[in-house]
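All remarks here apply to the structure that follows.
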Amino acid sequence: MARMNNSRSQDFTITPQMLLKAYACGIFPMADSADDPDLFWVEPEIRGIIPLDGLHVPRSLKKTLRRSRFEITVDRDFDGVVAACAEATQDRPKTWINARIRRLYGELHRMGNCHSVECRIDGELVGGLYGVSLGAAFFGESMFSRVADASKVALVHLVERLSVGGFTLLDTQFTTPHLVRLGAVEVPRKRYNKMLERAVTLPADFFAIDRQAGKDL
């Protein structure tokens, strides 16, 4: 994992407004585990991003997309996506999403600053992701899959949605081998902060793609 500066936050209440200000400064909260009631602020020295014109879609994933196996929805079950991301799995026995995280991001969602992308098969939620939207920046928080390719399909949809909506920055916080295969790159904090400073001041529309398609919002 990239080196980062951490500071504990347990003696005061973090509000959604405070959280947005932190994101605008390049800082985000995490917990040591789902059972830990405390949070700490994280400011990575090396940041992961996915250039919106640099997403790599492997051939096998293109086949999955062409089959239209998944129904894609947005913000239809935000709490369900966060709960699924917080679940311990065989591949991920420990998560950083605790009760405070779930409450805070639920409040951001109701404010219109946090969104989920859901993948369903026959109506059942099988994958997705969620993240924070601020200006023309989107900060990916977590994703999950209960069937193969579900989170990847959600990410492809997210990148298309952000591109259509005028976003300029997709922050993944860190990089993983999984994200690198999809086009994620690392940038040093100084360069990232310049990208962030510009992005949060620009207008963007998370729902522009829906309006173009004539969908009801």
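The values are calculated or read from the model by the stated rules, or taken from the named source; none is laboratory data. Note that this is a predicted model, so its numbers are computed, not measured. Every residue, glycine as well, gets a Cβ built from its backbone with ideal geometry; the counts of neighbours run over all protein chains shown. Areas reflect the complete protein model, heavy atoms only, side chains present, ligands, DNA and RNA absent. Shrake-Rupley method; radii C 1.70, N 1.55, O 1.52, S 1.80 Å.
Take the residues in the stretch 44-67 that are surrounded by fewer than 17 Cβ atoms within 10 Å (Cβ to Cβ) and not in a helix (DSSP H, G or I); name whichever of them is farthest from the chain's Cα centre (by Cα).
Within the stretch 44-67, the match that is farthest from the chain's Cα centre (by Cα) is 58.
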Practice problem: Can you tell me which residue within the stretch 186-217, out of those that are basic (Lys, Arg) and loosely packed, with under 15 Cβ neighbours inside 10 Å, is nearest to residue 138 (Cα to Cα)? | Solution: 198
Quiz prompt | Index of the failed condition, residue 149 passing every other in (1) of a type outside the set (Lys, Arg); (2) under 15 Å from the mean Cα position of the chain (by Cα); (3) more than 21 Å from residue 212 (Cβ to Cβ) | solution = (2)
Quiz item: Within the group 183, 166, 135, which residue is over 17 Å from residue 73 (Cβ atoms), in contact with a His (Cβ under 8 Å, 6 or more places away or on another chain), at pLDDT 95 or above and open to solvent by 10 Å² or more (accessible area, probe 1.4 Å)?
Solution: 183
Practice problem: Could you run through the stretch 26-43 and say how many residues are surrounded by fewer than 18 Cβ atoms within 10 Å (Cβ to Cβ) and not in a strand (DSSP E or B)? | Solution: 8
Practice problem: State which residue is farthest from residue 210 (Cα to Cα) when the search covers only the stretch 61-76 and only residues that are free of Cβ contacts under 8 Å to residues at least 60 places away in the same chain and not basic (Lys, Arg). | Solution: 68
Quiz item: From the residues in the stretch 75-105 that are touching a helix residue (DSSP H, G or I) at 6+ places or on another chain (Cβ under 7 Å), of a type outside the set (Val, Ile, Thr) and closer than 16 Å to residue 34 by Cα, which one is most open to solvent (accessible area, probe 1.4 Å)?
Solution: 102
Quiz item: Which pairs do you get when a residue that is within 19 Å of residue 61 (Cα to Cα), found in the stretch 163-181, comes within reach of a residue that is crowded, with 20+ Cβ neighbours inside 10 Å, reach meaning Cβ atoms under 6 angstrom, with the pair 6+ apart or on two chains?
Solution: 179/172
Self-check item: Cβ pairs under 8 Å, 6+ apart, first in the stretch 6-25 and in a loop (DSSP other than H, G, I, E, B) and surrounded by fewer than 17 Cβ atoms within 10 Å (Cβ to Cβ), second among the charged types (D, E, K, R) and modelled with pLDDT of 95 or more
Solution: none
Self-check item: Matching residues in the stretch 143-162 - criterion: being open to solvent by less than 20 Å² (accessible area, probe 1.4 Å) and either in contact with a Leu (Cβ under 8 Å, 6 or more places away or on another chain) or more than 24 Å from residue 198 (Cα to Cα) (or both)
Solution: 144, 150, 151, 153, 154, 155, 158, 159, 162
